[in-house]
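I have placed the structure first, in the form of C-alpha cells, so that the comments after it can refer back to it.
Every number in this text was worked out from the coordinates using simple rules, so none of it is lab data. Every value quoted in this text rests on a predicted model; they were computed, and no experiment measured them. Cβ sites come from the backbone with ideal geometry, for glycine too, and all protein chains shown count toward neighbours.
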Amino acid sequence: MQPIPAPAAVRRYHPLLVFLHWGLAAFIAAALILGALKMAPMSNADPMKAEALRAHMTGGVVILALMVLRLVTRRATRHPPLASTGSNVLDAVARLSHGALYALVIAMALTGLVMAVQTGIIRLVVGGHPSIPPDFWVFPIRSVHYLISRLLIALIILHITGALFHTFILKDALLGRMAFGRRFSTSETSVAERQPTLTDRLPAHFARFVLVFQGVVLTLIASRVLVDPIGASARDQIGLGSPLAIVVTQIGFGAFPLAAAIFVVMCALSATTLRTGLAFVLIFELTALAIRLHGVLSVGGFVQNRGPFIGETVFAVLALSALAWQSRRSRRPPEGPAAAFSRQQTVSS
C-alpha cells in the first residue's frame, strides 16, 4: 500500500503577488521621491511643473490599479503561514503595519485623485493642458495627502527594518518567500528537488532576464507617449492636431507597447510560459525589424533608425538564444537527485 502524500506546504507567494510586490515598491518609491524632492520645491509657475504633475498622477493611477489587483490576488491565492519573530508584541506590530501599509497606499492615491479633481488638473493625465493653481495648500485635501505621505514613509521604513531583522538577526529566509521559484513542497518532493544546480537554473533565469528586460524597455517606450504624447510626437516630428489624434497616439504608441510589456513580464512568472513569452518577443522584434527595413529602403532615414535597428536586433538574438537554450534543456534526459529519487520510488513500489 502506497503511503498517502503529505499535503503540499506553501513556501512562496504566488508569482503574480511577487511581481506586484516589487513592482509596487518601485512605483511607490518613485512617486514619493518625485513628490517630496522634485515637485514640492518647484514653483507652480514653472513650465516643468505640469510635466512633473502629469508623471506623478499617472503613477498614482497605476499604483491604485495595481494595489486593487494585489488585494484580489492575495484573497484568491494560497500563501505561506505568517512569519513569527518569537515575540507576540512584534508579531502584532507586523500584522497591523502590513494592513496599514495597504490602507495608506490606497488612501494616498485616492486623496491625490480627489485633489486633482478639485484643482482641475486631472486633465493632465489625458494629455490636457489645464492651468495650475498658484498654491495647492489652500485646498484642505492637500494637507491630508501630505500627512498620509509622511505616515507612509514611516511605515515603509518600519517594513524595511522588519525585513532586515528577519534576514540578519533571525536568519529565517523571510525574503525568499517573496521571490520567484517553486511554491509548494511535500515530504516526497523535497528530497528529490532539494538543491537544483546552477546549470539547471540558468536557462530559465536567462529567459526571465530577456523577458523582463524587454518588458522594461517597452514600458519606457509606452510611458514616454502616455505621459507626454504631444512632446513625444514633436520629438519625432509627428503633428497632433486634435484631441482624437492625441488619444489615438496614446493607444497606438502607448497602450499597445504597455500591454506587450505586461504580457512578456507575466510570461516570465511561470516556467510553463517562458517559451510563449520568448516566441512573442522574437516575433515582435522580427516584425518590427522587417517593417523598419522596408521603411528605410522606401523613404530613407537610416541614421535616425540606427538605434532602433540595433535594439530590435539585440532583442531578437537574445530571444532566439533563450528559446534555443530552453529547447536544448528540455531534450536533455533527467539526471541528478530528482532522477535518482524517481528510480528509487519505482523500485520500491
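Rounded to the nearest 0.05, what FRET efficiency do residue 138 and residue 324 have when you use their Cβ-Cβ distance and R0 = 51 Å?
Computed FRET efficiency for residue 138 and residue 324: 0.25.
Grab the beta carbon distance between residue 182 and residue 237, set R0 = 41 Å, and tell me the FRET efficiency rounded to 0.05.
Computed FRET efficiency for residue 182 and residue 237: 0.20.
Using only Cα atoms, find the angle between the long axis of helix 274-299 and the longest principal axis of the chain, and express it within 0 to 90 degrees, rounded to the nearest 10.
Long axis of 274-299 versus the principal axis of the chain: about 40 degrees.
For Cα pairs less than 8 Å apart in space and 6+ apart in sequence, what is the mean separation divided by the residue count of the stretch 196-332, i.e. the relative contact order in percent?
Over the stretch 196-332, the number comes to 32 percent.
Zone of residue 122 (label point 7 Å along Cα→Cβ, backbone N under 16 Å): which residues in the stretch 78-111?
The answer is 109-111.
Please return the longest range in the chain lying between exposed loop sites, taking trypsin sites (Lys or Arg not before Pro), DSSP loop only, at most 13 other beta-carbon atoms within 10 Å, and leaving the sites out.
195-349
From the phi of every residue in the stretch 79-88, what ³J(HN,Hα) in whole Hz does the Karplus formula 6.51 cos²θ - 1.76 cosθ + 1.60 yield, where θ is phi - 60° and glycine or proline is x?
Values, residue by residue: 9, x, x, 4, 6, 10, 8, x, 10, 4 Hz.
So what's the gap between the Cα centers of the stretch 83-114 and the stretch 10-49, to the nearest angstrom?
Taking the Cα centre of the stretch 10-49 as reference, the centre of the stretch 83-114 is 17 Å away.
At R0 = 45 Å, how high is the FRET efficiency between residue 87 and residue 146 if r is their beta carbon distance? Nearest 0.05 is fine.
The value I calculate is 0.85.
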